[in-house]
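J.: Below is one structure. I have some questions about it.
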Amino acid sequence: MIRALVLLIAAIGTAGATGPAATDFTLNTSCPPGFEKTKAGVCELRTLYQFYDSLENRGLGGTRTALPPHRDGFTPYQIDLGRYLFFDPVLSGDGTLSCASCHDPARGLSDGRARSIGIHGEDAGRAAPTLWNVAFLKRFFWDARANSLEAQAPGPLYSPREMGNSPTQLLASLNGNATYRRLFQEAFPGQRGPIAEKEVFTALAAFQTSLVSLNSRYDRYAHGYDAALSDREIEGLNVFRSFVARCSECHTPPLFTNEQIAVIGMPEPEGHTFDVGAEAILHSPKLKGAFKVPTLRNITRTAPYSHSGAFADLRGVVDFYNKGRGNAVPKDMHLYLHWHISDPKLTDTEVDRIVDFLGALTDETFLPQTPARVPSGLAPTKRGE
Ligand code: HEC
Ligand code: HEC
């Protein structure tokens, strides 16, 4: 009996190590672009925004404002291990979905769908947010229900509507794979024993904090290169940060989010039930329909828009703000709309200029490289494509 068990474990071990030879995979020894390796061997972010001191006294929506604190300080090994995990469908219950299936580098680190689709073909209920600049966030998910990347990870991994895995199966498949055992040893040298869930979450977080986008044409303009924006885009920026449109009250530069949760009354798409958002988490009726203010970085890459994909294009979203307070909320429903959701009465031209400006927030220069192969031997990224 014991002998049979030992053989079984040995067999699982070998099965996991089949596919590419275990020695094929090496972890990057240098930091991702935009990061500098310190003497201690960890990666630290370098950006021009670090030269600006604070958000104070700069005027709202001002250009030379500092960034909020961020996560960094991971080793290049942890970041690169996280990259393999992120693209490896072995993380899902049936080996069909990786994180990158819904946070696809080719689709602005989102999935191009109104709402994501999980392993069983089920509607996940909400849109996949972009992962650009998550290193700067303190609250995660549309309803802000997780407060770190590590606390966020079990969400998609174990939700039956997303990756449908379990902690037991996740750890069994990673520990049954000789390549992963070796790579985790390299990334977490002090650790003894089998791969632990905590290390999986740390590596995923390490990789995600390397997804930094702060070098768009807007940023070059912000750092003083006036010619980086066209006249139309500058006009758009000025409307965006005016007290008439009030966009930058919530989508505050440089991240283009202030990370608050706000009730703005965006509609659900036809036939989709009303999502109460943060009310379900914080149990305050004032938060019925409240969602975290999303970043607008790389926004041209992540249509359709809103928590449930109600808007096909940017013109549609900006028009929503222009059509008056609460116009999209069902008549019999009372929402406590945020006071900055006013009736700005923008002209069609002003709306167009805002849309032009949003196009200047695109920067994908630090897009991570999709690994050609992942340690499980499964095809990286795609759902069976
Ligand atoms: C089936 C598609 C799908 C997969 C696979 C998936 N996600 Fe997501 N992700 C989503 C959706 C949808 C949300 C928003 C859910 C919500 O707010 O309730 C989300 C939210 C997030 C957020 C929060 C971002 C923010 O700004 O609040 C992070 C971080 C994240 N996912 C990382 C990951 C990681 C890491 C993996 C792999 C372990 C992963 N996701 C796998 C669809 C997916
Ligand atoms: C009171 C805060 C607030 C103000 C003011 C505001 N927004 Fe938003 N914005 C939000 C929130 C919250 C969401 C997410 C709502 C949802 O999905 O239901 C959002 C969503 C968006 C989206 C979709 C993002 C995505 O990834 O799907 C765009 C684009 C956008 N806003 C642009 C603007 C523009 C342009 C203005 C000014 C005309 C503006 N916002 C003013 C809070 C605000």
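J.: Within 10 Å, count the other beta carbons around each residue, average over each peptide in 111-120, 181-190, 36-45, and list them highest first.
T.: 111-120, 181-190, 36-45
J.: Spelling out what I want: for every residue of region 106-116, take phi, set θ = phi - 60°, compute 6.51 cos²θ - 1.76 cosθ + 1.60 (Karplus), and round to whole Hz; glycine and proline get x.
T.: In residue order, the calculated couplings are 7, 10, x, 6, 10, 10, x, 10, 4, 9, 5 Hz.
J.: For helix 2-17, report the angle its Cα long axis makes with the longest principal axis of the Cα atoms of the chain; keep it between 0 and 90° and round to the nearest 10°.
T.: 50 degrees
J.: From Cα pairs below 8 angstrom and at least 6 apart in sequence, can you work out the relative contact order of the chain, rounded to a whole percent?
T.: The normalised contact order for the chain reaches 22 percent.
J.: Straight-line reach from K286: which lysines fall under 27 Å, measuring Cα to Cα and dropping same-chain residues less than 8 apart?
T.: K138, K323, K331, K345
J.: I would also like to ask the following. If I build a Gaussian network model for the chain, linking alpha-carbon pairs within less than 10 angstrom, which residue out of M163, M333, M266 has the largest mean-square fluctuation?
T.: The residue with the greatest mean-square fluctuation here is M333.
J.: What aspartates and glutamates sit close enough to K288 to cross-link, taking a C-alpha to C-alpha distance under 13 Å and skipping anything fewer than 8 places away on the same chain?
T.: D143, D275, E279
J.: Something else: Quote to one decimal, in nm, the extra length available between D24 and H283 on full extension: 0.36 nm per residue of separation minus the C-alpha distance between them.
T.: Net length gain for the segment: 88.2 nm.
J.: If you don't mind, another one. Testing the spin-label approximation: label points 7 Å from Cα along Cα→Cβ at A372 and S342. State their distance in nm.
T.: Spacing of the two 7 Å Cα→Cβ label points: 5.8 nm.
J.: While we're looking at this one, here's another question. Rounding to the nearest 10 and keeping the result within 0 to 90°, find how far the Cα-based axis of helix 348-358 lies from the longest principal axis of the chain.
T.: 30 degrees
J.: Helix 197-208 versus the longest principal axis of the chain: what is the Cα-based angle in degrees, 0 to 90, to the nearest 10?
T.: Tilt relative to the chain: about 50 degrees.
J.: Suppose the chain between D231 and A312 were pulled fully straight at 0.36 nm per residue; how much longer would it get relative to their current alpha carbon spacing?
T.: 26.5 nm is the gain from fully extending D231 to A312.
J.: Please give the residues of region 307-321, grouped as numeric ranges, whose backbone N is less than 18 Å from a label point set 7 Å along the Cα-to-Cβ vector of M333.
T.: 307-312, 317, 320-321
J.: Another question, then. Only sites in a loop by DSSP and with at most 16 other Cβ atoms within 10 Å count here; which chymotrypsin sites (Phe, Trp or Tyr not before Pro) in region 242-295 make the cut? Please list the in-between numbers first.
T.: Numbers: sites: F243, F256, F274, F291; in loops: F243, F256, F274.
Answer by residue number: F243, F274.
J.: Rank-order 73-81, 342-350 by packing density, defined as the average count of other C-beta atoms within 10 Å over each peptide's residues, highest first.
T.: 73-81, 342-350
J.: Starting from 0.36 nm per residue, how many nanometres of slack lie between A196 and K323 once their C-alpha separation is accounted for?
T.: 40.6 nm
None of the figures in this text is laboratory data; all of them are computed from the coordinates on show. In this text the structure is predicted, and so the values were computed from the model without any measurement. Note that each Cβ is placed from the backbone with ideal geometry, even for glycine, and that neighbours are counted across all protein chains shown.
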